[in-house]
Amino acid sequence: MINKQLVSPKSIVVVGASNDVCKPGGKILKNLIDGNFSGNLYAINLKEDLVQGIKSYKDINKLPNVDLAVIAIAAKYCPATVDFLVNNKTTKAFIIISAGFGEENEQGAKYEQQIVDTINKVNGCLIGPNCIGVLNTNYNGIFTTPIPKLSPKGVDLISGSGATAVFIMETALPKGLTFNSVYSVGNSAQMGVEEVLQYLDQTYNPETSSQVKLLYIEDISKPQKLLKHASSLINKGCKIAAIKSGSSEAGSRAASSHTGALASPDVAVDALFRKAGIVRCYGREELVTVASIFKHKQLTGKNIALITHAGGPAVMLTDSLSKGGLNIPHIHGEKANQLLEKLYDGSSVANPIDFLATGTAQQLADIIDYCENDFDNIDAMVVIFGSPGLTKVFDVYEVLHQKMKTCKKPIYPVLPSTFETKEEIFAFQNQGHQSFNDEVILGDMLCKVFNTPKPQNDNIELIDIDTKKIREIVENAGTGYISPKNIQALFDAVGIPRTKEAVAKTKNEAVVYAKELGLPVVMKVIGPVHKSDVGGVVLNVKTEKMVELQFEQMMQIKDTTSILIQPMLSGIEIYAGAKKEGEFGHQILCGLGGIFIEVFKDVSSALAPVSHNEAMEMIKSLKSYKIIEGTRGKEGINEQMFADVVVRLSALVKAAPEIIEMDINPLLGTATKIIAVDARIRL
């Protein structure tokens, strides 16, 4: 656990300090000095008595007791140094910026583990190794630059990559974004992104803590911890955005079910982020733009007014917002006419509100006032104002400053003239504002923020199922794919409606079962994994003679052991599935079924357990939702029943975590019922 010695040390020693500020040990000492660290600062250098004006100890035995050690020496010397400081100098916090540990070779991994074991014995804290350090309002404990403006109202950044942390800060500075803390966790030998987030959650104070958290993650090793503390922070009033890199797989795994092919680890990341309420980003510009949106007043509705003196950017922004589900409503009527009279000829207030390149600061103030007080169909404003270079625009940005302070509706300033008006932008940002320089990235991220769901309730009331029966079936089924009979029993135990069916091993049995179920019937081979690919599914078998003929032909298909017979049903083909994804637990998926799942790959996913509301959101988020809802006079399916199947599937995998993959494809849906027609379950 992160401790007070790391966050707010009263004394710091830099082991490996140098007068050469081009070396990490030299630069980190310089940053600590330049940051006016208020505690006692020491250096360890085997050759110098004074390093950058700081007392240096050639003999570590003479070092006073110290809270925090920042270590920048060769990896092989680190274990002994840590051991000495822990046992002789009461040191309980360490930042190891040195490389050459587990990321490099087996010997380095041994050094790393030895250090962790030593620190754990005293309940100490380790950041790194192989990191840039820690930066907060108490001290500049990093060896890199730039050092951003630090403020308790700034954002907290936790990064699995030191270089990426630097690049994120560099991307943030021109936007006016400030920082409260930066944690570069490096190899995460003891403390990873999840542990730092846990600390920020457990110490969160709505009055004094930063309300924006940014994450750069390369590996989610503890997804349940991340989910728990991200959800907790967001429920307390925080906002979190994250990049999870490594989203593509180098070579697809052989999958024996549709769910296995569709439910990749990255789909699990998406599901985790949605469940937690984290806004997922895919690059530094996106992350910083989302952070800047977070720093503005919250968008509570879909209707945006675009205020501009340049037509092109407004058109591009309109496209972006419209594609993401936000609206640019038409503005008209008496109030609109009154506003138009205050603007120059040629201006437009229809939305976008274009007040021309010659528009004045007063005109901008009038437009904002009308959008704030008179246009009820406006929830927020985007102001695009650059400069053609004719005059300075300090007065325009001062209007923006004043209106952003007083307006209840959010105002997002797009200031694209980063060269021509850099002085004005700098002054505007120094008043505590964040700005944007690309209207399309702003539009895309504004939609992403608005459409990211709130954290799901982690106290989901599970539905009533026959857990005892489920456990009995699973414990006696062995491993691999289970029989149709066991699948039927599991569905009955969990309450998933299923079609009647029978398994025939002889031609005579096939005829008897077909008559009992009622012709016409569907016949399917049992044995081959992908039945359709081998011609193992025959629909609409209408007569006893056809049943006999199809049975004989289908039994010739390789690996076929018997034939499954079901009544011929009709409805829209839909799908539900589940897949176990390591520490993430089970992913639950749904979408259109039949061949459409392979063609369109249009599925929604969530992490189990899934609530009924979450299942409904999954269904409504599908691109094919219009088909499910019913379109062009065609009846849709019962969405509530579809959601109920998804919830029951979630309950099944909780009761039977041995389930590795599961498909129900297709489910047949109508306005009055949902029936499972075909299923595959692997233990």
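The values are calculated or read from the model by the stated rules, or taken from the named source; none is laboratory data. Model, not experiment: these values are computed from the prediction. When we count neighbours, we look across all protein chains shown, and the Cβ atoms used for this are built from the backbone with ideal geometry, even at glycine.
Some points to look at:
- Residues (aliphatic (A, V, I, L, M) and over 13 Å from Asn665 (Cβ atoms)) located in the range 600-632: Ala606, Leu607, Ala608, Val610, Ala615, Met616, Met618, Ile619, Leu622, Ile627, Ile628
- Whichever residue in the range 394-416 is of a type in the set (Val, Ile, Thr) and in contact with a Leu (Cβ under 9 Å, 6 or more places away or on another chain) and, among such residues, is nearest to Gly443 (Cα to Cα): Val414
- Count of the range 413-441 residues which are loosely packed, with under 14 Cβ neighbours inside 10 Å and either closer than 13 Å to Ile368 by Cβ or of a type in the set (Phe, Trp, Tyr) (or both): 2
- Test: Val193 is buried (at least 23 other Cβ atoms within 10 Å of the Cβ), free of Cβ contacts under 8 Å to residues at least 40 places away in the same chain and touching a strand residue (DSSP E or B) at 6+ places or on another chain (Cβ under 7 Å): yes
- Residue check, Val122 under 17 Å from Pro9 (Cα atoms), under 36 Å from the mean Cα position of the chain (by Cα), modelled with pLDDT of 95 or more and not in a helix (DSSP H, G or I): yes
- Flag if Val511 is among the hydrophobic types (A, V, I, L, M, F, W, C) and either exposed (fewer than 15 other Cβ atoms within 10 Å of the Cβ) or part of a strand (DSSP E or B) (or both): no
- Among the residues examined, Ile473 does not qualify as hydrophobic (A, V, I, L, M, F, W, C), in a loop (DSSP other than H, G, I, E, B) and outside the structural domain of Gln553 (by TED's automatic domain parsing).
- Selection of the range 447-480 for residues being in contact with a helix residue (DSSP H, G or I) (Cβ under 9 Å, 6 or more places away or on another chain) and at positive phi yields an empty set.
- Selection from the range 517-541 of residues that are exposed (fewer than 12 other Cβ atoms within 10 Å of the Cβ) and not in a loop (DSSP other than H, G, I, E, B): Asp533, Leu539, Asn540
- Among the criteria (1) surrounded by fewer than 22 Cβ atoms within 10 Å (Cβ to Cβ); (2) part of a loop (DSSP other than H, G, I, E, B); (3) touching a residue at least 24 places away in the same chain (Cβ under 8 Å), the one Ala365 does not fulfil is (2).
- Any hit, the range 529-544, residues being over 49 Å from the mean Cα position of the chain (by Cα) and aliphatic (A, V, I, L, M): no
- Residues (surrounded by 23 or more Cβ atoms within 10 Å (Cβ to Cβ) and hydrophobic (A, V, I, L, M, F, W, C)) located in the range 1-12: Leu6, Ile12
- The residue that is surrounded by the most Cβ atoms within 10 Å (Cβ to Cβ), counting only those in the range 380-412 that are in a loop (DSSP other than H, G, I, E, B) and in contact with a helix residue (DSSP H, G or I) (Cβ under 6 Å, 6 or more places away or on another chain), is Phe385.
- Beta carbons closer than 6 Å, at least 6 apart along the sequence or on distinct chains, pair a first residue in the range 202-224 that is touching a residue at least 12 places away in the same chain (Cβ under 8 Å) with a second that is charged (D, E, K, R) and surrounded by fewer than 19 Cβ atoms within 10 Å (Cβ to Cβ) for Tyr204/Lys236; Pro223/Glu583.
- Look at (1) touching a residue at least 40 places away in the same chain (Cβ under 8 Å); (2) farther than 24 Å from Val122 by Cβ; (3) of a type in the set (Ser, Thr, Tyr) and you find that Ser8 fails only one, number (2).
- Answer from Ser188, Ser181 - the residue that is in a loop (DSSP other than H, G, I, E, B) and either touching a strand residue (DSSP E or B) at 6+ places or on another chain (Cβ under 6 Å) or small (Gly, Ala, Ser) (or both): Ser188
- Among the residues of the range 630-642, those that are of a type outside the set (A, V, I, L, M) and either under 16 Å from Tyr575 (Cβ atoms) or under 28 Å from the mean Cα position of the chain (by Cα) (or both) comprise Gly636, Asn638, Glu639, Gln640, Phe642.
- Selection count, the range 312-341, where residues are surrounded by 15 or more Cβ atoms within 10 Å (Cβ to Cβ), part of a loop (DSSP other than H, G, I, E, B) and either modelled with pLDDT under 95 or not β-branched (Val, Ile, Thr) (or both): 3
- Flag for Tyr370 being of a type in the set (Phe, Trp, Tyr), assigned to a helix (DSSP H, G or I), in contact (Cβ under 8 Å) with a residue 24 or more places away in the chain and under 20 Å from Asp438 (Cα atoms): no
- Residues in the range 557-592 that are farther than 20 Å from Tyr481 by Cα, surrounded by fewer than 15 Cβ atoms within 10 Å (Cβ to Cβ) and either modelled with pLDDT of 95 or more or in contact with a helix residue (DSSP H, G or I) (Cβ under 9 Å, 6 or more places away or on another chain) (or both): Glu583 alone.
- Within the range 214-246, considering residues that are hydroxyl-bearing (Ser, Thr, Tyr) and in a helix (DSSP H, G or I), the one farthest from Gln587 (Cα to Cα): Ser232
- Selection count where residues are of a type in the set (Ser, Thr, Tyr), under 12 Å from the mean Cα position of the chain (by Cα) and at pLDDT 95 or above, scope the range 200-259: 2
- Screening Gly237 on (1) in contact with a Pro (Cβ under 8 Å, 6 or more places away or on another chain); (2) within 20 Å of Val279 (Cβ to Cβ); (3) buried (at least 18 other Cβ atoms within 10 Å of the Cβ) shows it passes everything except condition (3).
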